[in-house]
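What follows is a single structure, written as structure tokens, with notes after it.
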Amino acid sequence: MAPTTELPDDLEAAILDLKRERKALILAHYYQEDAIQDLADVVGDSLALARAAQNADCEVIAFCGVHFMAETAAILNPGRRVVVPDMDAGCSLADGCPADDFAAFTAQHPGAKVLTYINASAEVKAMSDLICTSSNAVKMVESFDGAPLVFAPDRHLARWVSKQTGRDDLIVWPGACVVHEQFSARELARLKVRHPEADVLAHPECDQGVLDQADFVASTTGIIQRAVEFPERTSIVATEEGVFHSIRQQAPNKELIPAPGADESCACSLCPYMRLNNVEKLYLALRDLGPEVTVDPAIAERARLPIERMLELS
Ligand code: 13P
Ligand code: SF4
């Protein structure tokens, strides 16, 4: 039988005690389970969390999100320990863009600049001129002149940004998010018939058929702000369900409906990677100071430049 791990009865209190003892900062993405969001010092989208990591004043960062986010925090904090609840919390976008293949891809476009979505590995970031998140992607594309521009690794975000900026010549790495790609345009159209009053909010990682039916397209922060802005109005939300927690805190009576997948059995609005984290693993991460996310210093040095450039431009 596998050994059991002793956990304190009051896990939340024990986490707060450990946080003080370790001089730790807890950062959490909006896609984390509610209990983690309630314990975090900062809850935010990818951009807000990168900024919080850049401004961190602590000995340990406990990053509750996925690996590329914790890696970004580690890149911005050489010498500071970054721990995560679960080392296997990856991301289909980052995992679907291996560094060697990306190097070969960019080699086919000599002279092109490289703009990379933050959902990518440190190695891929190190090959980039600039990083973007979903909340600043339009601005980051516009910061380049008309020279050839590689955009990686999300083809849906690339297509949306291309429409917003009029740049129809982006050289796109064809990756996708396994969560947002599952929302079904056909089922969404049916749902809209039943809720004609609803405001449809979508993340730009969604398929075009879903974005075409959205009233508002934005990052997780943008979606939350929009939902809170109309507290009496029902929202159909095409992103990970973790955002509901923050919306409900600010607009408790609001009706929130997750966007549907192609069939009823699909837990489409839960990211399988983000949901590997839980408060039990957060407790262990703070207690054991691991698993620790580290980045090869030479790669971190090269990856830091395009991230810092993005933070300056944002
Ligand atoms: P945001 O930057 O909008 O929070 O998105 C992160 C992400 O992983 C979307 O799936
Ligand atoms: Fe990656 Fe998609 Fe999960 Fe976001 S929701 S972390 S893009 S797999």
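Observations, loosely collected:
- Helices (runs of 4 or more DSSP H) completely within region 186-285 that count 3 or more residues being surrounded by fewer than 16 Cβ atoms within 10 Å (Cβ to Cβ): 243-250
For every residue, the table says whether it meets (1) within 19 Å of the chain's Cα centre (by Cα); (2) within 16 Å of ligand 1 (Cβ to nearest atom); (3) at positive phi; (4) in contact (Cβ under 8 Å) with a residue 24 or more places away in the chain.
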position	(1), (2), (3), (4)
ASP10	no, no, no, no
LEU18	no, no, no, yes
GLU21	no, no, no, no
PHE63	yes, yes, no, yes
PHE68	yes, yes, no, yes
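- Output for region 8-39, where each listed residue is within 20 Å of GLY222 (Cβ to Cβ) and in a loop (DSSP other than H, G, I, E, B): TYR30, TYR31, GLN32
- Boolean, ILE307 is away from ligand 2 (no atom under 16 Å from the Cβ), in a helix (DSSP H, G or I) and among the hydrophobic types (A, V, I, L, M, F, W, C): yes
- The set of residues in region 109-146 being farther than 19 Å from GLY222 by Cβ and within 16 Å of ligand 2 (Cβ to nearest atom) consists of THR116, ALA120, SER121, ALA122, VAL124, LYS125.
- Filter result (touching an Asp or Glu at 6+ places or on another chain (Cβ under 7 Å), more than 16 Å from ligand 1 (Cβ to nearest atom) and either acidic (Asp, Glu) or within 20 Å of HIS109 (Cα to Cα) (or both)) within region 155-195: SER162
- The set of residues from region 40-64 being away from ligand 2 (no atom under 16 Å from the Cβ) and part of a strand (DSSP E or B) comprises VAL42, VAL60, ILE61, ALA62.
- Taken together, the residues in region 157-185 that are buried (at least 23 other Cβ atoms within 10 Å of the Cβ) and either without any contact (Cβ under 8 Å) to a residue 40 or more places away in the chain or in contact with a His (Cβ under 7 Å, 6 or more places away or on another chain) (or both) amount to 2.
- Residue in region 203-211 that is under 21 Å from ILE118 (Cβ atoms) and of a type in the set (Asp, Glu) present: yes
Every read-out reported here was derived from the displayed coordinates using simple, explicitly stated rules and does not represent laboratory data. Computed from a prediction, not measured in an experiment: that's the story for all the values here. In this analysis, Cβ positions are derived from the backbone assuming ideal geometry, glycine residues included, and neighbour counts consider all displayed protein chains.
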